[in-house]
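Student: Here's a structure for you.
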Amino acid sequence: MDRDKAQEIIEDLKQQINEHNYRYYVLNDPVISDAEFDALLKKLQELEKQFPELVTPDSPTQRVGGQVQAGFAPVVHRIPMLSLDNALGLGDLRDFVRRAQNLVPGAELEFVVELKVDGLAVSLQYENGLLVRGATRGDGETGEDITHNLRTVKSIPLRLRRPVTIEVRGEVYMPRSSFFRLNEERKQQGLPLFANPRNAAAGSLRQLNPKVAAARHLDMVTYALGYSPELTFRTHYETLQTFRELGLRISPYTKVLRDLEEVVVYCESWREKRYELPFDIDGMVIKVNDLALQERLGNTAKSPRWAIAYKFPAEQSETRVLGITVQVGRTGTLTPIAELEPVRLAGTVVKRASLHNEDILRAKDVRIGDFVIVRKAGEIIPEVVEVVKNKRTGREEPFTLPSACPACGASVNRLPGEVALRCFNPACPAQVLERIIHFAARGAMDIEGLGEASAAQLLAAGLVRDVADIYDLPEKRRELLKLERWADKSVDNLLAAIDASKGRPLWRLLYALGIRYVGERTAKLLAAHFGSLDAIMTASREELEAVPEIGPKIAESIREFAALPQSKILVERLRAAGLNFTEAAQAAASQPLAGKIFVLTGTLPTYSREEATALIEKAGGKVTSSVSKKTDYVVAGEKAGSKLDKARQLGIPVLSEADLLALLAQQ
Ligand code: IVH
């Protein structure tokens, strides 16, 4: 191919990719599949590799630059980045409207109400349509240049759809699901956890190496105009619409409202609904729509008089630390837990809060007897935000993590490079209990009736000492019946559930074994690649690392597990019990749903979500969490919610459980 032809194709590919990105991130209306998109990107990458001189900085392949920055250069904002005044209740909101109205008597006020996304304010400068600089807010006058990191955020266009010069502002945030995934990964790797999505986003943007930010799944919405020498606007809402036309992502939840009452109703409608959003918000922002009126209202030193933040009360409360205990996890990790005076928080009573690890415990300096602020950042176990230091009496007792495991007495150590202390005794009863709970959990072997309480009971009665003992329980029926709360029927159910678990797919077994770093996804990849547990257990490091996405750390961990004599005994006992050790050969013919994308919503009459997902995946289909044009079917059960509405809106076929089974049986 000659250079001119290559250039032509490259331009065409870039345009196509940008268009699809726009449809995906801004219009929320993709028209091609992820695989098709990846194919376009790959084609572009290949051509650019052949003709490196044709690579431009705005190419979609150039989001992650190769350069690690030496530091952050200061960026002076042409127009200061103001902050917002807070309205803490309806009274404050009413005062805000009244004050504004008094300053512009006779004017008809109209408001734009937006979500207050809990992330970090950033500024993006585009010159002739090209992203030239991205900066943090800093102190409002001067921020820091974080262009290298902002370029990695896929919802930030590297080139606008028109060659305008403009500076826009908005919020970069981390969706909650990405936050949980990130912390899960960090936990497995023994790295300190982020306290909330906001801190995680901030930590990601403060990286000198853009590769880190690129792996963090950040998102952005734009909500304010900075410097705009070319475009002029009449209203804020119109400004937002232009942002969207330019290819910038705006929030779909923004409303234009006419009076205080409408504003209050809309704001209040988000108070509880906010937990259904995929990201955190800490309130609503109310802005005067008319830009001429904004101008007349002006600013105070720190914040505009034409806008206010209506804050939802933080989901945090103050309580007292009654004690600090230490939990021993499945892999022996010691986690300090604050035992609290019970307190109401986000609708539940909280009695315990995680202190994560020794470093965090020390950094927060939590002592027994301290008053602390606890918060629920979407997790099940809340966390201690900070100590209320001015309530200290001097009688509080500092806590040091023990040098011996509280469950078995073995000495505990830190592995090099890890923050967590660990107990390395595989027979440690606390670890055994957690291993059994994990093994039997939904998503793993899914043994109903073998939850936390019954596992602890069986362990205490000496009926199980490791997971293989679960399969000896049918012979111990009489002993089981002697336990408190167990009767014929519940024992029958448990034994039936144990029996049913023997046929679970290989990946579930592999995941259930609880090998460090082997999560569900890794287990699926390994099972599909090797086809049997024996092949995985005998694979060399090199063979393991040859599997895409499997790195040295995972390979090492599997090798370690496989080499332990007790693992070998465990595997043999599971084999003797008749567990499925192989991946059923999946011929193309047995994949009636190959390539089809499903979304599940509501409660199905007989199958659990996990089971339905497994059925679909086994037939070659894929289950995703949100409905879009790419979705082929929505399977709806009882209490199906907004996903069902969306499916109807988009004309996507809606199936019942029975319809799904019929579809599976077709071929
Ligand atoms: S407007 C002059 N709109 O809230 C007005 N801010 O407490 C500038 N924020 O620093 C801000 N969502 O980081 C505005 N829809 C929204 C927002 C928003 C979140 C943040 C932003 C700002 C902080 C002020």
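Student: For region 259-359, list the strands (runs of 3 or more DSSP E) that sit wholly inside it and hold at least 2 residues that are within 30 Å of residue 401 (Cβ to Cβ) and open to solvent by 20 Å² or more (accessible area, probe 1.4 Å); which are they?
Tutor: 316-328, 334-345, 348-354
Student: Another one. Considering every residue within region 138-156, establish whether at least one is modelled with pLDDT of 95 or more, in a loop (DSSP other than H, G, I, E, B), of a type in the set (A, V, I, L, M, F, W, C) and out of contact with any Gly (no Cβ under 7 Å at 6 or more places or on another chain).
Tutor: The answer is yes; a qualifying residue exists.
Student: Would you tally the residues in region 96-116 being part of a helix (DSSP H, G or I), more than 16 Å from the ligand (Cβ to nearest atom) and open to solvent by less than 70 Å² (accessible area, probe 1.4 Å)?
Tutor: 2
Student: Select, from 150, 130, 160, the only residue that is under 21 Å from residue 228 (Cβ atoms), in contact with a Phe, Trp or Tyr (Cβ under 6 Å, 6 or more places away or on another chain) and among the aliphatic types (A, V, I, L, M).
Tutor: 160
Student: Please work out which residue is surrounded by the fewest Cβ atoms within 10 Å (Cβ to Cβ), limiting yourself to region 454-493 and to residues that are in a helix (DSSP H, G or I) and of a type in the set (Gly, Ala, Ser).
Tutor: My answer is 460.
Residues are listed down the side, and each one gets a yes or a no for (1) more than 13 Å from the ligand (Cβ to nearest atom); (2) more than 30 Å from residue 351 (Cβ to Cβ); (3) acidic (Asp, Glu); (4) modelled with pLDDT of 95 or more:
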position: 283; (1), (2), (3), (4): no, no, no, no
position: 287; (1), (2), (3), (4): no, yes, no, yes
position: 302; (1), (2), (3), (4): no, yes, no, no
position: 323; (1), (2), (3), (4): yes, no, no, yes
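Student: Quick one: which of 390, 413 is open to solvent by 20 Å² or more (accessible area, probe 1.4 Å), free of Cβ contacts under 8 Å to residues at least 12 places away in the same chain and part of a strand (DSSP E or B)?
Tutor: 413
Student: Within region 52-74, which residues are among the hydrophobic types (A, V, I, L, M, F, W, C) and surrounded by 12 or more Cβ atoms within 10 Å (Cβ to Cβ)?
Tutor: The answer is 54, 55, 64, 68, 72, 73.
Student: Name the residues in region 510-532 that are in a helix (DSSP H, G or I), open to solvent by 30 Å² or more (accessible area, probe 1.4 Å) and of a type outside the set (A, V, I, L, M, F, W, C), would you?
Tutor: Of everything in region 510-532, those that are in a helix (DSSP H, G or I), open to solvent by 30 Å² or more (accessible area, probe 1.4 Å) and of a type outside the set (A, V, I, L, M, F, W, C) turn out to be 511, 520, 521, 524, 529.
Student: Just for region 533-549: of the residues that are at pLDDT 95 or above and within 22 Å of residue 614 (Cα to Cα), which one is surrounded by the most Cβ atoms within 10 Å (Cβ to Cβ)?
Tutor: Only one residue fits best here, namely 536.
Student: Name every residue in region 75-91 that is open to solvent by 60 Å² or more (accessible area, probe 1.4 Å) and either closer than 18 Å to residue 289 by Cβ or within 16 Å of the ligand (Cβ to nearest atom) (or both), in order of residue number.
Tutor: Of everything in region 75-91, those that are open to solvent by 60 Å² or more (accessible area, probe 1.4 Å) and either closer than 18 Å to residue 289 by Cβ or within 16 Å of the ligand (Cβ to nearest atom) (or both) turn out to be 78, 79, 82, 85, 86, 88.
Student: A follow-up question, please. Here is a list: 605, 565. Which entry is open to solvent by 30 Å² or more (accessible area, probe 1.4 Å) and out of contact with any Gly (no Cβ under 8 Å at 6 or more places or on another chain)?
Tutor: 565
The values are calculated or read from the model by the stated rules, or taken from the named source; none is laboratory data. This one's a predicted model, so the numbers in the text were calculated from it and none came from an experiment. Neighbour counts are summed over all protein chains in view; Cβ atoms, including those assigned to glycine, are modelled from backbone coordinates with ideal geometry. Protein only, heavy atoms only, side chains kept; ligands, DNA and RNA dropped before computing areas. Shrake-Rupley method; radii C 1.70, N 1.55, O 1.52, S 1.80 Å.
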